[in-house]
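Enquirer: Here you go, one structure.
Read-outs: derived from the displayed coordinates by stated rules, not from any lab. All of these numbers come straight from a predicted model, not from anything done at the bench. With ideal geometry, Cβ positions are generated from the backbone for all residues, glycine too; neighbour counts draw on all protein chains shown.
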Amino acid sequence: MARDLAALRARLESLGAQHREEQVRPVVALPRLPDGCRLEDTPFGPLAVRRDWFDAAPAEPSVAIPRCLPFLPSELERPVFLDTETTGLSGGTGTVAFLVGIAWPDDRRLAMAQFFLSDLDQEKALLWAVGQCLSAHRVLVTYNGRTFDWPLLQTRLLMLKAKEGWPDLPHLDLLGLVRRIFKPRLPDCTLRTVEEAVLALQRDEDLPGWLIPSSYFGWLRGAPVSALEAVFAHNRQDVLSMPLLLSRLEAILDDARDLDPIDRFSRARFLEARRLEEEALVEYRHLWDSGLGGFQRGALGIRLARLLGRKGQWQQARAVLEECWMTQCYPYPAAIELAKLLEHRARDPAAARRLVLEALSLLAVAAVPDARWQADLERRRDRLDRRLGLRAELPLALTG
């Protein structure tokens with residue numbers, strides 16, 4: 001009995017000591033996470049993630065974009081959209097992506113995950129989670145990601161020696177397409193401008209991008225969690241706009257009938273650059289016949305005439321260039337193209353020379369001379385003179 005009492009007394013004393021130890025043990029505070037964020041486990045520790053789902057119409061099969069760009073239709077059936085918010089806007093090895101927003105089609109919804117760096121020591125966990133998410137898809141879609149987001153992530157992967165296992169996806173940067181089609185009529189090609197002008201979307205009280213790094217650093221120094229809500233909202237809107245923009249670009253490349261004429265001309269130039277000359281020629285003809293005006297008409301006429309010439313329709317090309325030469329305020333490019341046509345197609349070098357001389361005379365009294373066209377016209381004149389056997393008379397030598 002005495003032995004049992006001694007054992008019980010020892011057990012109680014040990015429990016009391018353990019209780020006192022737990023009372024003095026420091027309490028580890030959970031990270032202050034923005035609303036909706038939850039900690040998820042990764043091989044490199046916990047990571048804060050905010051997940052959402054949004055209603056979305058079923059995506060139509062992509063046909064026009066794969067026809068113009070080196071992507072397979074099957075790849076664009078499983079795109080993943082990515083945008084980052086970073087600790088600096090100029091890039092560099094010291095810049096870190098503290099918020100990575102990713103979205104992808106999920107049945108009739110759009111799934112979205114925002115991976116958040118609640119502690120700078122969690123960067124390896126964030127990069128691992130982003131890589132795992134990207135691996136499930138076939139093509140990466142960004143807006144200006146080719147020059148900013150993607151190189152930044154690749155730099156961080158190399159610095160942390162965490163690149164193993166990361167996917168190497170085909171990359172569609174929507175900014176390139178936007179610039180090719182909409183830049184001539186937009187003040188800039190920022191995503192917000194494109195949202196308003198192309199998608200008819202209006203952001204309300206959006207946080208300017210240049211304030212985002214300071215908002216994050218303020219939160220790290222103890223600012224209220226609410227300071228980050230605007231950052232999450234900005235990132236969310238950036239990501240959600242990309243599927244809409246991708247769908248709009250697909251529709252534009254498929255059918256240009258409802259486009260602004262300036263956008264339609266840009267689209268035709270893009271098709272020509274992608275060697276879809278038959279489609280480009282149809283568009284150029286339509287725009288020419290519908291009376292596209294201003295300085296765009298001169299550029300349109302030259303492109304139309306070049307394609308007509310390649311198709312052997314040089315008489316039509318000549319009529320287009322003659323109109324440009326007679327009607328444009330800056331007709332020198334048209335004069336050069338018309339001189340080429342007269343010399344090589346019409347086999348009339350004398351007419352080509354007369355035209356070149358007229359263009360040089362006009363350029364000599366122009367309010368804004370252009371040295372490039374001057375040099376081109378003079379070289380063409382000299383070459384035509386040699387071909388026609390014309391020589392400038394040399395001055396007689398004076399003798400004493």
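Enquirer: Which of Gly101, Pro213, Pro184 sits farthest toward the positive end of the charge dipole of region 37-254, with +1 on the Cβ of Lys and Arg and -1 on the Cβ of Asp and Glu?
Expert: Pro184
Enquirer: Also, I was wondering about something else. Distance between Cα centroids, region 244-267 to region 148-218: provide it in whole Å.
Expert: Spelled out, the Cα-based centre of one part sits 21 Å from the other.
Enquirer: What FRET efficiency, computed as 1/(1 + (r/R0)^6) with R0 = 30 Å and r the Cβ-Cβ distance, is obtained for Glu205 and Asp370, rounded to the nearest 0.05?
Expert: The pair Glu205/Asp370 has a calculated efficiency of 0.05.
Enquirer: Using only DSSP helix segments of four residues or longer, with each worth -39500 (n - 2.57), what per-residue ellipticity at 222 nm results for the chain after dividing by its residue count and rounding to 500?
Expert: Helices in the chain give a 222 nm mean residue ellipticity of -16500 deg cm²/dmol.
Enquirer: For a protection proxy built on the mean count of beta-carbon atoms within 10 angstrom, sort 34-46, 252-264 highest first, please.
Expert: Those peptides, ordered most packed to least, come out 252-264, 34-46.
Enquirer: Also, quick follow-up: For the Cα atoms of the chain, what angle does the longest principal axis make with the long axis of helix 332-344, in degrees from 0 to 90, nearest 10?
Expert: The angle comes out at about 60 degrees.
Enquirer: So, with +1 on the Cβ of K and R and -1 on the Cβ of D and E, and no other charges, what is the size of the charge dipole of the chain about its Cα centre, to the nearest 20 debye?
Expert: Roughly 1460 debye, rounded to the nearest 20.
Enquirer: Let me ask something additional. What's the FRET efficiency of Arg285 with Arg386 using the Cβ-Cβ distance as r and R₀ = 30 Å, to the nearest 0.05?
Expert: For R0 = 30 Å, the calculated efficiency reads 0.20.
Enquirer: Of [x] 35.5; [y] 23.8; [z] 20.6, which is the value of mean projected area of the Cα convex hull in nm² derived from the coordinates here?
Expert: Derived directly from the coordinates: [x].
Enquirer: Reachable lysines from Lys340, Cα under 20 Å, same-chain residues fewer than 8 places away excluded?
Expert: Straight-distance partners of Lys340: Lys311.
Enquirer: Taking Cα atoms, how many degrees apart are the long axis of helix 2-24 and the longest axis of the chain, rounded to 10 and kept between 0 and 90?
Expert: 30 degrees
Enquirer: Compute the helix-to-body angle for 123-134: its Cα long axis versus the longest principal axis of the chain, expressed 0 to 90° and rounded to tens.
Expert: 60 degrees
Enquirer: What ranking do Leu220, Leu240, Leu191 get, fewest neighbouring Cβ atoms within 10 angstrom at the top?
Expert: The most exposed by this proxy come first: Leu220, Leu240, Leu191.
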